[in-house]
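Working notes for the structure below.
Rule-based calculations on the coordinates, nothing more; no lab input. Since the structure is predicted, the reported quantities are computational estimates derived from the model, not experimental observations. Cβ atoms come from the backbone with ideal geometry, glycine included; neighbour counts cover every protein chain shown.
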């Protein structure tokens with residue numbers, strides 16, 4: 001057993017463990033943290049496949065930005081977890097049964113040996129260039145059309161989010177940045193001359 | 001990328017640019033120009049259709065290194081999708097105005113969905129299929145949820161979204177297996193390398209997952225659970241959209257993936273049986289469960305499931321005649337469902353959806369013309385000769401018999417007879433029941449809706465009598 005295979009099993013174990021924890025942990029914050037573990041293990045596996053760029057992007061974008069955002073959202077929401085999980089134990093045996101049968105079928109049909117993936121492209125195949133170069137070249141030449149289409153899909157996402165959440169309700173207190181900036185000193189503070197008050201606290205004659 | 005590439009995708013490029021302009025127009029023009037949004041969208045559709053026709057002259061060709069296929073089938077499906085979206089805009093316009101739904105977003109999201117459809121039916125690569133499909137479904141989820149104050153619509157959108165995301169995941173998983181077996185994402189490449197692939201069984205696994213994804217998009221049983229809820233829960237204008245153009249996209253996607261020589265065609269013996277099971281299940285559920293429905297939109301949803309069963313029979317045959325028959329069926333279904341939902345939209349007004357079968361009681365006495373149009377749509381959906389729906393059914397059954405699938409054709413014929421019952425019930429309610437006293441049915445006064453709806457329903461008769469040219473066009477689309 002080579003060291004690469006050992007490393008693969010190590011990372012794969014934690015990836016699967018993290019995925020299981022995501023769906024079984026009671027505390028949503030813990031679940032998000034296990035998702036981070038899954039992503040990190042997957043990034044390590046990609047690193048083993050010599051896809052360094054994708055591995056780093058996964059960590060920077062998903063773990064660094066998306067998951068932190070997720071964590072904020074989960075912490076802000078007041079989720080009652082227990083109610084959503086009531087049926088879980090009841091359905092668990094059936095779920096496990098179905099999953100076991102599916103797994104058995106897959107293993108039987110494919111044979112364990114056939115599941116071995118082709119070896120990663122060696123440096124010679126890649127022409128000695130970093131895989132950022134390869135990804136960039138493929139994205140902007142052969143995959144240009146899908147790349148642009150993906151950009152349009154993101155636009156749809158924005159339009160849908162705005163259409164579903166933006167409400168113009170009357171009587172809502174908005175901040176108007178333009179008016180805030182344009183305000184002049186005399187609008188802000190009004191000096192009123194008042195006669196000085198006689199006496200005060202603890203100044204009894 | 002060359003000029004040739006750009007000329008081939010010109011319709012899509014134009015549509016993309018116009019959507020962006022329309023988005024800005026809607027954001028800055030304000031509520032006074034809502035009607036302008038409608039007419040501008042129609043203009044965009046007309047120009048896109050003209051560009052599709054023009055692009056056909058360049059083809060058949062592939063562009064962007066095989067990502068995009070410009071052939072007769074793509075042209076046919078695109079033109080009818082544009083027609084369907086135009087019908088949706090005309091029929092939905094009074095409804096959106098009365099309900100004060102966000103008309104601007106409705107138009108832009110529907111056009112985005114159309115862009116997804118056009119990319120999907122032209123896809124020459126698994127990546128393009130997936131992205132086109134996501135574009136279509138993402139816009140559809142948002143459209144279903146557009147009526148934010150209705151809990152039913154929100155529930156429907158949620159169900160649609162969760163199940164749709166699951167189906168997309170299955171599809172993607174299957175695609176990754178096929179990629180693992182063949183080492184290529186291009187459909188032509190998959191068709192070429194699959195027969196010699198050492199990982200043949202892996203590809204068969206992939207086919208199972210891909211078929212699950214396709215069946216979900218069709219709404220074929222047992223992947224139909226979302227369909228009745230979405231049809232019933234969403235605003236009728238959106239139901240009309242979901243029931244029309246996306247079905248053409250689904251048949252285009254299925255043909256690109258399974259048939260037409262490339263793609264997964266080498267695995268035909270495997271997927272033929274699976275499709276036959278899906279078809280029989282859809283026919284059974286579609287014809288039996290629809291009988292007990294009292295909601296008209298829900299009944300039409302189950303009828304859709306049944307119709308998708310017929311469409312799958314055509315695909316099952318695996319011949320080019322069968323493929324042409326299923327394209328013909330998809331076009332027929334789209335025109336029939338726009339007519340049926342158009343009548344519901346013509347009767348709906350503020351606070352009254354006209355979506356119960358009981359609501360149509362005595363429609364003939366109130367508005368004989370609308371009742372006649374609805375009867376035409378119902379007879380056509382049921383497959384009564386000489387209407388459009390009859391020829392569609394006849395062609396798929398004929399294709400099944402030619403492919404030695406006599407039992408499948410018999411199942412289809414039996415299902416057609418059972419489903420006749422619930423279509424005729426609508427006709428009976430309209431013509432032989434007396435109108436309810438508490439409610440008066442008032443037909444819409446919107447002139448363009450009345451005229452276009454009449455044309456749509458009469459087209460069912462006209463295309464039934466002169467079905468030849470359309471069938472020739474479908475056959476040309478398949479054989480190239």
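Inter-label distance, residue B:458 to residue A:129: 6.2 nm, where each label sits 7 Å from its Cα along the C-beta direction. Going by neighbour counts of Cβ atoms within 10 Å, the residues B:282, B:434 line up, fewest first, as B:434, B:282. Under the Kirkwood approximation applied to all pairs of distinct alpha-carbon atoms, what is the hydrodynamic radius of segment B:107-259 in Å? For segment B:107-259, inverting the mean 1/r across all distinct Cα pairs yields 15.8 Å. Sorting B:369, B:473 from the fewest to the most surrounding beta carbons within 10 angstrom yields B:369, B:473. For chain B, the longest principal axis of the C-alpha atoms and the axis of helix B:447-465 are separated by about 60°. Going by neighbour counts of Cβ atoms within 10 Å, the residues B:344, B:417, B:313 line up, fewest first, as B:417, B:344, B:313.
The smallest convex shape that holds all Cα atoms of the protein assembly as shown, its convex hull, gives 256 Å³ per residue. The Cα atoms of chain B cover 71, 56, 42 Å along the three principal axes, with the biggest extent listed first.
For chain B, the longest principal axis of the C-alpha atoms and the axis of helix B:151-182 are separated by about 10°. Applying 1/(1 + (r/R0)^6) with r as the Cβ-Cβ distance of residue A:197 and residue A:165 and R0 = 45 angstrom yields a FRET efficiency of 0.30. Using the Cβ-Cβ distance between residue B:25 and residue B:148 with R0 set to 22 Å, the FRET efficiency from 1/(1 + (r/R0)^6) comes to roughly 0.45.
Each distinct pair of alpha carbons in segment A:1-84 adds a 1/r term; the inverse of their mean, the Kirkwood radius, is 13.7 Å. Put a dot 7 Å past the Cα of residue B:192, heading toward its Cβ, do the same for residue B:356, and the two dots end up 6.2 nm apart. When the alpha carbon gyration tensor of segment A:125-167 is reduced to an equivalent ellipsoid, the three semi-axes, largest first, read 35, 10, 5 Å. D by Stokes-Einstein for segment B:185-277, Kirkwood Rh over Cα pairs, 20 °C, 1.002 mPa s: 147 µm²/s.
Rounded to the nearest 10 degrees, the inclination of helix B:268-289 to the longest alpha-carbon principal axis of chain B is 10 degrees. Across peptide B:61-74, the average count of Cβ atoms from other chains found within 10 Å of a residue's Cβ is 2.
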